[in-house]
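Below is one structure, written out as structure tokens; the observations come after it.
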Amino acid sequence: MNTLEVRDRDQWNRIVLSFPEYHLYQGYEWGEIRREAGWVPYRYAVLDGDRAIAAVSIAAVKLNGSPFSLLDASRGPLMEWTNPRAWEGLRQAIREVADRTGAVFLRVSPGVSNAESAVRDALVAHDFRHLPNDWTWWNGQRTIVTMPLGLSDTELTKRMRRGTSRYLERAIQKGADVRIDASADSLRGFYKLFRDSATRKGYPARSFQYIESLSRHYLSKGDGCLAMVSYGGVNLSGVLFLQYGRKAYAMHLGNDDVSPLGRDLRGGYAAYWWALRWCRDNGCELSDWGGSRTGFPPRPEDSGYSLYQFKAGFGCSIEYLTGYYDMVFRPRLYRTARLGEERLLPFAYRMRARLNGWFERTRKTRTQAKEPDQISTA
């Protein structure tokens, strides 16, 4: 058995994709996206001969300039859950990262079903604490929706609810333009839709620089698509999908659902339909639509219930994952961190959502001041 840190992009992606529960968030490119946001990725694999029996990409971030850090392995680890040698190597890797970063705790959220009791038992047996939360303010959601893509257009349409199929061609029938386009102009147009949607619905919008990073690491290499719907030169809807292995991931939606034109054309349906077919035609067999801000099972009073209904209308199935687990290295600081997570993050989340436009204008002003003639549009 050999535990090693992997720095090569291709080698790491081959290891990750060898596990059936692989996820975009454990891929090399996603680690680089997080690096640009201030996190530092550490990628470790446990090999039994030439076969990977465990792997984890851990992102570390310092806590407010202190010597301590928080570790996150979203949708990881990937491993043979009942293999003692896999656990021996994984724990060695975790301890090495924790020592290098002064970690308070590590949070993991494996992409496996809650029905897999062996996974939960193995994590708890190896010093992970199972959190009672059905969702958190900063980790991937526990309740997700997925849909198979290895189907013909006719088969995909048959999975839809009647209302979804009725709205699907509405934008086209009324003269809207649907295009797969990741040009600089389309990225800007999409970002405005995305930011405005986030502000209306009360969640923080990532920066345009982040959207540029997604384009640079994925779209520019053919590993994803941006589907845009417009009418008369006015952007109405856009959806951004990324591809990793044989899976497609619905990352972000920007949608005008407030103007009379936007409400009439319902461009989001056409945007998703074009993006899904693009992903299927480029080899994807499953689409992961992420969460929908609901519990399990979804209830009408959940904040994201209407979004869940939209996704379910395409024929998506809901899945309840095993949840969140923490390995604690500094118990006293951990209690403080958990208190802050439960008490302060909700307030910070709401305040950040209200300031979406201000943050983007401030970032843009700073960028122009530094590089007045060379603003990136990659």
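The values are calculated or read from the model by the stated rules, or taken from the named source; none is laboratory data. In this text, all values refer to a predicted model and were calculated from it rather than measured experimentally. Note: ideal-geometry Cβ built from the backbone for every residue, glycine included; neighbour counts use all protein chains shown.
Among the residues of segment 341-353, write down those that are in a helix (DSSP H, G or I) and either surrounded by 12 or more Cβ atoms within 10 Å (Cβ to Cβ) or not charged (D, E, K, R) (or both). So that I can check it myself, show each step before the final result.
Step one: of segment 341-353, the residues in a helix (DSSP H, G or I) are 341-343, 345-353.
Hits for segment 341-353 are E341, E342, L345, P346, F347, A348, Y349, R350, M351, R352, A353.
Please find, among S215, S220, S237, the residue that is under 23 Å from D177 (Cα atoms) and in contact with a strand residue (DSSP E or B) (Cβ under 7 Å, 6 or more places away or on another chain).
Checking each option against the conditions leaves just S237.
The residues of segment 120-144 that are of a type outside the set (D, E), surrounded by fewer than 21 Cβ atoms within 10 Å (Cβ to Cβ) and in a helix (DSSP H, G or I), listed by number, are R120, A122, V124, A125. Just for segment 123-155: of the residues that are within 12 Å of S109 (Cα to Cα), among the hydrophobic types (A, V, I, L, M, F, W, C) and within 22 Å of the chain's Cα centre (by Cα), which one is modelled with the lowest pLDDT? Ranking the candidates gives W135 first. Report yes if D288 is in a helix (DSSP H, G or I), among the acidic types (D, E) and farther than 25 Å from R350 by Cα, otherwise no. No.
Can you find a residue in segment 111-123 that is in contact with an Asp or Glu (Cβ under 8 Å, 6 or more places away or on another chain) and closer than 28 Å to P67 by Cβ? For segment 111-123, residues in contact with an Asp or Glu (Cβ under 8 Å, 6 or more places away or on another chain) and closer than 28 Å to P67 by Cβ: absent. Restricting the first member to segment 14-41 and to residues that are surrounded by fewer than 18 Cβ atoms within 10 Å (Cβ to Cβ), and the second to residues that are polar (S, T, N, Q) and part of a helix (DSSP H, G or I), the beta-carbon pairs closer than 6 Å and six or more apart or on different chains are E36/S213. I need a count of the residues in segment 291-318 that are part of a loop (DSSP other than H, G, I, E, B) and either more than 23 Å from R170 (Cβ to Cβ) or hydroxyl-bearing (S, T, Y) (or both). The total comes to 13.
E96 meets all of the listed conditions (1) in a helix (DSSP H, G or I); (2) buried (at least 17 other Cβ atoms within 10 Å of the Cβ); (3) in contact with a strand residue (DSSP E or B) (Cβ under 9 Å, 6 or more places away or on another chain) but one, namely (2).
Please enumerate the residues belonging to segment 51-67 that are out of contact with any Lys or Arg (no Cβ under 7 Å at 6 or more places or on another chain) and within 16 Å of T101 (Cβ to Cβ). Matches in segment 51-67: V56, I58, A60, V61, K62, L63, N64, G65, S66, P67. Selection over segment 8-50 of residues that are within 16 Å of Y218 (Cα to Cα) and among the charged types (D, E, K, R) gives a count of 7. One residue stands out in segment 295-337 among those that are charged (D, E, K, R) and surrounded by 16 or more Cβ atoms within 10 Å (Cβ to Cβ): the one that is nearest to S109 (Cα to Cα), namely D326. Being hydrophobic (A, V, I, L, M, F, W, C), touching a residue at least 12 places away in the same chain (Cβ under 8 Å) and touching a helix residue (DSSP H, G or I) at 6+ places or on another chain (Cβ under 8 Å) is the requirement here; does A184 meet it? So A184 fails the test. Would you check if R91 is in contact with a His (Cβ under 6 Å, 6 or more places away or on another chain) and either at positive phi or without any contact (Cβ under 8 Å) to a residue 60 or more places away in the chain (or both)? No; evaluated as a whole, the condition is false for this residue. For C279, the test of being under 15 Å from D153 (Cβ atoms) and either at pLDDT below 95 or assigned to a loop (DSSP other than H, G, I, E, B) (or both) is failed.
Meeting the requirement of 1 or more residues that are in the same structural domain as F19 (by TED's automatic domain parsing), no helices (runs of 4 or more DSSP H) wholly within segment 168-264 can be named. Within segment 71-85, restricting attention to residues that are hydrophobic (A, V, I, L, M, F, W, C) and more than 19 Å from the chain's Cα centre (by Cα), which residue is surrounded by the fewest Cβ atoms within 10 Å (Cβ to Cβ)? For segment 71-85, the residue satisfying everything is W81.
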